[in-house]
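To keep things clear, I will list the structure first and then write my remarks on it.
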Amino acid sequence: MNGLRLTVLVGESDTWHHRPLFAEVVHRAHRAGLAGASVFRGVEGFGASSVVHTSRLLSLSEDLPVAIVIVDTEERVRAFLPDLEELLGEEGLAVLDPVEVVRPPGPGGNDHGGDGSGEAR
């Protein structure tokens, strides 16, 4: 199945009405009925400010990079973009990539036809 991956890059300390921005994106994606969203915390990075944020002990930075990844059909992801634009403003970056979604075989067989052995026929 073809889909669209939305990757949203923000800072860990970015907020929306006193709530972490990444959490607000995930909750809105959930309310919008998207297939799923995952948040990944970076260990080092920089953005438009050109300030490098790192998790190394000697660093004073606590604003680590965060990536929110959402994958669904193109139609559903694009329908979510106005919500995202409202949240991001100048705070982050969103990237869209076409993806091929591969699901593991369901119970008792292969979702792609065949006998469940994993071999193409």
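The values are calculated or read from the model by the stated rules, or taken from the named source; none is laboratory data. Everything numeric here is computed off the predicted structure, so don't read it as measured data. Positions of Cβ are generated from backbone atoms using ideal geometry, with glycine treated the same way; all protein chains shown enter the neighbour counts. Calculation scope for accessible area: heavy atoms of the full protein, side chains included, ligands and nucleic acids excluded. Shrake-Rupley method; radii C 1.70, N 1.55, O 1.52, S 1.80 Å.
Couple of notes before you dig in:
- In region 38-51, of all residues being among the aliphatic types (A, V, I, L, M) and under 19 Å from Leu87 (Cβ atoms), the one that is modelled with the lowest pLDDT corresponds to Ala48.
- Of all residues in region 1-13, those satisfying the criterion of being open to solvent by less than 80 Å² (accessible area, probe 1.4 Å) and at pLDDT 90 or above are Gly3, Leu4, Leu6, Thr7, Val8, Leu9, Val10.
- Considering (1) in contact with a Leu (Cβ under 8 Å, 6 or more places away or on another chain); (2) surrounded by 11 or more Cβ atoms within 10 Å (Cβ to Cβ); (3) at pLDDT below 95, the lone condition that Arg28 does not fulfil carries the number (3).
- Here Val95 fulfils each of the conditions (1) surrounded by 13 or more Cβ atoms within 10 Å (Cβ to Cβ); (2) at pLDDT 85 or above; (3) hydrophobic (A, V, I, L, M, F, W, C) apart from (1).
For (1) surrounded by 14 or more Cβ atoms within 10 Å (Cβ to Cβ); (2) under 25 Å from Leu4 (Cα atoms); (3) at pLDDT 65 or above, each residue gets a yes or a no:
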site	(1), (2), (3)
Gly36	no, yes, yes
His53	yes, no, no
Pro65	yes, yes, yes
Val77	yes, yes, yes
His112	no, yes, no
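- Within region 82-92, restricting attention to residues that are out of contact with any Asp or Glu (no Cβ under 8 Å at 6 or more places or on another chain) and touching a residue at least 24 places away in the same chain (Cβ under 8 Å), the residue that is most open to solvent (accessible area, probe 1.4 Å) is Asp83.
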